[in-house]
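Visitor: Please read through the structure below; I'll follow up with questions.
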Amino acid sequence: MSEMMEIVKVGIADMNIVKSPQIIRTSGLGSCVGIVLYDEGRKIAGLVHIMLPNSSLAKSGQLNPAKFADTGIRHLAIVLSQNGARRSCLQAKIAGGAQMFKFTSGNDLIRIGNRNIEAVKMVLSSLEISIVAEDTGGSSGRTIEFNPENSLLMIRTVSQNVKYI
Amino acid sequence: MVIDSSCKSFSCLSNERLDLIKEVGNIGAGHAATALSTMFNKRIEMKVPFVNVLTFQEALEITGGPENTVVGLYLRVDGEISGNLFCLLTVEQAEKMASEMLEKQGADYTSLRDRMSVSVLKEVANIILGAFISAISDLTKLPMYPTVPSINVDMAGALISFGLIELSQASDVVLVINTSLFEAEYNQTVIDCNLLFILDNPSYEKLFHAIEVSDK
């Protein structure tokens with residue numbers, strides 16, 4: 001059964017949407033955060049893999065919205081609405097935001113994982129999208145896969161077993 | 001060497017400049033190979049560095065895919081030239097290195113997450129990556145200050161993406177200097193490590209300037 005499912009892959013600083021029976025996945029989340037927005041009834045979901053908390057950090061003119069929490073989540077919500085999801089029914093599941101290396105340094109970007117998670121939560125709350133489940137923080141990389149059929153988010157890490165949230 | 005048409009921030013990179021960067025990578029890797037050779041008392045060879053402008057996703061793919069489990073030794077470089085330097089090893093490679101080093105000290109190898117193994121591998125990183133950095137610093141006469149190395153065993157994508165964060169504020173592409181050091185013995189690679197240097201955006205111009213001036 002699972003072999004027949006089409007898996008749509010989302011890269012880093014990238015986004016996409018799927019409808020059941022498609023599945024959407026992103027691999028190797030470290031300090032980045034994967035945000036899934038979905039409409040449970042319509043079985044449609046989108047995933048954005050963000051790297052940075054805020055688009056105000058951008059130092060160049062051209063902006064890839066999927067790179068930042070603020071622009072990425074807003075953009076994904078719009079694309080989902082345009083493709084048949086009901087804006088008021090959108091819910092979120094999030095994963096990632098780990099701290100991959102531990103050492104002392106004055107650089108703010110070292111704690112980027114935590115800052116990404118905080119930013120994601122702030123943006124979601126300002127859009128009044130509730131977080132149904134999350135697997136965030138820690139120091140492990142994650143691969144995540146969302147199935148809009150049952151609204152389950154699969155999380156795989158190197159050291160632990162696969163789990164569903 | 002082809003620069004992808006989607007190249008945004010590095011569109012100024014000519015073939016000559018890419019060759020210069022390759023030469024910088026060559027010199028850095030040569031010194032790292034010598035350091036590794038001295039440490040393990042083995043003959044170490046190196047591959048011609050791969051230097052190219054990649055998208056972030058392409059950069060995460062260079063060690064066998066973002067989900068591939070690797071041992072990442074990482075250090076941050078600050079100073080006039082700043083960036084992130086990785087030494088990526090397969091789990092088997094790291095285990096071999098750690099056990100060989102520990103045996104020399106008369107200690108037993110237990111596991112990769114053991115305190116002794118971590119400490120030994122950090123020392124390996126210090127020596128190899130330190131040699132890489134000091135060679136480039138000597139060449140350019142620009143100060144570079146490496147931090148103490150960190151180590152993690154995890155998905156390649158999760159480790160490498162950490163090195164892209166600083167750069168990602170200003171760019172959607174990355175210039176990657178990637179090279180392999182290896183020991184080929186009886187057609188079997190005994191030591192094989194992947195060096196990956198990701199420079200911060202403003203460092204390129206400084207680097208070019210320093211080499212081009214010293215060339216004249």
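The values are calculated or read from the model by the stated rules, or taken from the named source; none is laboratory data. Note that this is a predicted model, so its numbers are computed, not measured. Using ideal geometry, Cβ is built from the backbone for each residue, glycine included, and neighbour counts are taken over all protein chains shown.
Visitor: Tell me the residue from A:LYS67, A:LYS163, A:LYS121 that is within 12 Å of the chain's Cα centre (by Cα) and closer than 24 Å to B:ASN68 by Cα, please. Walk me through how you get there before you give the answer.
Guide: Details: A:LYS163 fails: within 12 Å of the chain's Cα centre (by Cα); A:LYS121 fails: closer than 24 Å to B:ASN68 by Cα.
Going through A:LYS67, A:LYS163, A:LYS121 in turn, just one is within 12 Å of the chain's Cα centre (by Cα) and closer than 24 Å to B:ASN68 by Cα: A:LYS67.
Visitor: Here is a check on your reading of the model: is B:GLU92 more than 24 Å from B:PRO202 (Cα to Cα), away from every other protein chain (no Cβ under 14 Å) and at pLDDT below 90? Can you show your working first?
Guide: Numbers: more than 24 Å from B:PRO202 (Cα to Cα): yes; away from every other protein chain (no Cβ under 14 Å): yes; at pLDDT below 90: yes.
In short, yes.
Visitor: Follow-up question, since we're still on this one. Which of the residues belonging to segment A:125-153 are touching a Gly at 6+ places or on another chain (Cβ under 7 Å) and either among the basic types (Lys, Arg) or closer than 20 Å to A:ASN16 by Cβ (or both)?
Guide: If we filter segment A:125-153 for residues that are touching a Gly at 6+ places or on another chain (Cβ under 7 Å), which is where we start, we get A:136-137, A:141-144.
Hits for segment A:125-153 are A:ARG142, A:THR143, A:ILE144.
Visitor: Give the residues of segment A:156-165 that are part of a loop (DSSP other than H, G, I, E, B), within 14 Å of A:SER27 (Cα to Cα) and either among the charged types (D, E, K, R) or more than 14 Å from chain B (Cβ to nearest Cβ) (or both), sorted by residue number.
Guide: Start the filter on segment A:156-165 by keeping residues that are part of a loop (DSSP other than H, G, I, E, B), which leaves A:157-162, A:165.
Keeping just the survivors that are within 14 Å of A:SER27 (Cα to Cα) gives A:157-158, A:162.
Those that are part of a loop (DSSP other than H, G, I, E, B), within 14 Å of A:SER27 (Cα to Cα) and either among the charged types (D, E, K, R) or more than 14 Å from chain B (Cβ to nearest Cβ) (or both): none in segment A:156-165.
Visitor: I need the full set of residues from segment B:43-56 which are crowded, with 16+ Cβ neighbours inside 10 Å, touching a helix residue (DSSP H, G or I) at 6+ places or on another chain (Cβ under 9 Å) and either part of a strand (DSSP E or B) or within 9 Å of another protein chain (Cβ to nearest Cβ) (or both), in order please.
Guide: B:MET46, B:PHE50, B:VAL51, B:ASN52, B:VAL53, B:LEU54, B:PHE56
Visitor: Just one of (1) in a helix (DSSP H, G or I); (2) modelled with pLDDT of 85 or more trips up B:CYS87, so point out which.
Guide: Of everything listed in (1) in a helix (DSSP H, G or I); (2) modelled with pLDDT of 85 or more, B:CYS87 misses just condition (1).
Visitor: Right, A:ALA92: farther than 24 Å from B:ASN152 by Cβ, more than 14 Å from every other protein chain (Cβ to nearest Cβ) and out of contact with any Lys or Arg (no Cβ under 9 Å at 6 or more places or on another chain) or not?
Guide: On the way: farther than 24 Å from B:ASN152 by Cβ: yes; more than 14 Å from every other protein chain (Cβ to nearest Cβ): yes; out of contact with any Lys or Arg (no Cβ under 9 Å at 6 or more places or on another chain): yes.
Yes.
Visitor: On to the next question. Within segment A:112-144, restricting attention to residues that are assigned to a helix (DSSP H, G or I) and among the hydroxyl-bearing types (Ser, Thr, Tyr), which residue is nearest to the other protein chains (Cβ to nearest Cβ)?
Guide: Our first condition is that a residue be assigned to a helix (DSSP H, G or I); within segment A:112-144, this holds for A:112-126.
Of the ones still in play, those that are also among the hydroxyl-bearing types (Ser, Thr, Tyr) are A:125-126.
On the way: A:SER125: 24, A:SER126: 22 Å.
So, considering only residues that are assigned to a helix (DSSP H, G or I) and among the hydroxyl-bearing types (Ser, Thr, Tyr), the one nearest to the other protein chains (Cβ to nearest Cβ) is A:SER126.
Visitor: Right, next: Would segment A:30-49 turn up any residue that is out of contact with any Leu (no Cβ under 8 Å at 6 or more places or on another chain), closer than 26 Å to B:ASN201 by Cβ and facing chain B (nearest Cβ under 10 Å)?
Guide: Within segment A:30-49, one or more residues are out of contact with any Leu (no Cβ under 8 Å at 6 or more places or on another chain), closer than 26 Å to B:ASN201 by Cβ and facing chain B (nearest Cβ under 10 Å).
Visitor: While we're here: Report, ordered by the first and then the second residue, all pairs with beta carbons closer than 6 Å, sequence separation of six or more or different chains, a first member in segment A:19-32 that is touching a residue at least 24 places away in the same chain (Cβ under 8 Å), and a second member that is in a loop (DSSP other than H, G, I, E, B) and β-branched (Val, Ile, Thr).
Guide: Qualifying pairs under 6 Å: A:THR26/A:VAL10.
Visitor: Of all the residues that make up segment B:34-64, how many are farther than 19 Å from B:ALA131 by Cα and without any contact (Cβ under 8 Å) to a residue 60 or more places away in the chain?
Guide: 3
The rows are residues; the columns are (1) surrounded by 24 or more Cβ atoms within 10 Å (Cβ to Cβ); (2) modelled with pLDDT of 95 or more; (3) not in a helix (DSSP H, G or I).
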{"residue": "A:ALA45", "(1), (2), (3)": "yes, yes, yes"}
{"residue": "A:GLY61", "(1), (2), (3)": "no, no, yes"}
{"residue": "A:GLY72", "(1), (2), (3)": "yes, yes, no"}
{"residue": "A:THR104", "(1), (2), (3)": "no, no, yes"}
{"residue": "A:LEU109", "(1), (2), (3)": "no, no, no"}
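Visitor: Restricting to segment A:145-155, what's the tally of residues that are in a loop (DSSP other than H, G, I, E, B) and either in contact with a helix residue (DSSP H, G or I) (Cβ under 9 Å, 6 or more places away or on another chain) or not polar (S, T, N, Q) (or both)? It would help to see each step written out before you state the result.
Guide: Keep residues of segment A:145-155 that are in a loop (DSSP other than H, G, I, E, B), which gives A:148-151.
Next, from what is left, pick out any that are either in contact with a helix residue (DSSP H, G or I) (Cβ under 9 Å, 6 or more places away or on another chain) or not polar (S, T, N, Q) (or both): A:148-149.
Count: 2.
The rows are residues; the columns are (1) within 15 Å of the chain's Cα centre (by Cα); (2) surrounded by fewer than 23 Cβ atoms within 10 Å (Cβ to Cβ); (3) at pLDDT 85 or above.
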| residue | (1), (2), (3) |
| --- | --- |
| B:THR147 | yes, yes, yes |
| B:ALA158 | no, no, yes |
| B:GLU166 | no, yes, no |
| B:ASN178 | yes, yes, no |
| B:LEU199 | yes, no, no |
| B:SER203 | no, yes, no |
| B:ILE211 | no, yes, no |
| B:SER214 | no, yes, no |
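Visitor: For segment A:50-59: of the residues being surrounded by fewer than 21 Cβ atoms within 10 Å (Cβ to Cβ) and in a loop (DSSP other than H, G, I, E, B), which is farthest from the other protein chains (Cβ to nearest Cβ)?
Guide: First, pick out the residues of segment A:50-59 that are surrounded by fewer than 21 Cβ atoms within 10 Å (Cβ to Cβ): A:54-59.
Remaining after also requiring in a loop (DSSP other than H, G, I, E, B): A:54, A:58-59.
Values: A:ASN54: 10, A:ALA58: 6, A:LYS59: 4 Å.
Filtering segment A:50-59 for residues that are surrounded by fewer than 21 Cβ atoms within 10 Å (Cβ to Cβ) and in a loop (DSSP other than H, G, I, E, B), the one farthest from the other protein chains (Cβ to nearest Cβ) comes out as A:ASN54.
Visitor: Hey, any hits in segment B:106-114 for a residue that's at pLDDT below 85, closer than 16 Å to B:LEU36 by Cβ and not hydrophobic (A, V, I, L, M, F, W, C)?
Guide: Just the residues of segment B:106-114 that are at pLDDT below 85, to begin with: B:106-114.
From what is left, the residues that are closer than 16 Å to B:LEU36 by Cβ are none.
Checked segment B:106-114: no residue is at pLDDT below 85, closer than 16 Å to B:LEU36 by Cβ and not hydrophobic (A, V, I, L, M, F, W, C).
Visitor: Go through segment B:125-134 and count every residue that is more than 13 Å from every other protein chain (Cβ to nearest Cβ) and crowded, with 22+ Cβ neighbours inside 10 Å.
Guide: Within segment B:125-134, residues that are more than 13 Å from every other protein chain (Cβ to nearest Cβ) and crowded, with 22+ Cβ neighbours inside 10 Å number 4.
Visitor: Six or more apart or on different chains, Cβ atoms under 7 Å: show the pairs whose first residue is in segment B:145-174 and within 7 Å of chain A (Cβ to nearest Cβ) and closer than 21 Å to A:PRO53 by Cβ and whose second is in a loop (DSSP other than H, G, I, E, B) and among the acidic types (Asp, Glu).
Guide: Qualifying pairs under 7 Å: B:GLY157/B:GLU67; B:GLU166/B:ASP200.
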